[in-house]
Amino acid sequence: MAFHSAERCNVRVINGFKELASISGEEIGKSEWVEVTQEMVDRFAEVTGDDQWIHTDVERAAEQSPFGGTVAHGFLTLSLIPRLCRKIYKLTGISATINYGLNKVRFFRPVRVGSRIRLGLRVRSARRVGKRAIRFVSQVTIEVDGADKPACTAETVTLVLREEEAAAPRKRRLAGRVKPAKAPKRRPRGAPATA
């Protein structure tokens, strides 16, 4: 079955740790389509130093590449996962998300420059790690508009940190406040006075 353009998607809001921990196994949704441009590929090549001609030389790729034109780097496709995920869901009640790694990655077809891609996401697991974090494992599929198989599949692992609770205000001492003087000790009856 080929992947084709669809209507604008709605971003799902996941509210806090309790809801996040309860969505294991759920299909969250699919992102909007995003076009992969030659400018994106060229900028990625410049940053990474991977300027192989199949990515950057439009004329040569059109004549000699087995793909019929320039293609995106596989790692560029992977690097678009966070951008595409933001078009699917939004987490609230958290302080930060940390990329914890990838368990599995497979590239099934090249992404030609000018193609449109989107991401589908299913939650594999969402498990608490201590009191302040959840390990969030997702199965993502990057589809190419009109293609019969995905460009890439990956299992991503993200550490989601709980939002810090507001610290209780410390007691403030009044400026210039003097501690009360201690009362003098009483001298026992019959005891001689000291000089």
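Looking across PHE44, PHE107, one residue alone is in contact with a strand residue (DSSP E or B) (Cβ under 8 Å, 6 or more places away or on another chain) and modelled with pLDDT of 95 or more. It is PHE107. Annotation note: Cβ proximity below 9 Å between a residue of segment 9-27 that is over 16 Å from SER138 (Cβ atoms) and a residue that is among the aromatic types (Phe, Trp, Tyr) (sequence gap 6+ or interchain) occurs for VAL13/TYR89.
Checked against (1) at negative phi; (2) more than 25 Å from the chain's Cα centre (by Cα), ALA21 passes all but condition (2). Among the candidates GLY146, GLY130, GLY74, GLY93, the residue that is within 27 Å of GLU46 (Cα to Cα) and surrounded by fewer than 17 Cβ atoms within 10 Å (Cβ to Cβ) is uniquely GLY74.
Can you spot a residue in segment 42-63 that is among the hydroxyl-bearing types (Ser, Thr, Tyr) and under 30 Å from GLY16 (Cα atoms)? No: zero hits.
Could you list, in sequence order, all residues of segment 23-55 that are assigned to a helix (DSSP H, G or I), polar (S, T, N, Q) and farther than 11 Å from ARG112 by Cα?
Step one: filter segment 23-55 for residues assigned to a helix (DSSP H, G or I), giving 38-48, 53-55.
Next cut, polar (S, T, N, Q) only: 38, 48.
The answer is THR48, and nothing else.
The values are calculated or read from the model by the stated rules, or taken from the named source; none is laboratory data. All values derive from a computational prediction rather than experimental measurement. For neighbour counting, all protein chains shown are included, and Cβ atoms are generated from backbone atoms with ideal geometry for every residue, glycine included.
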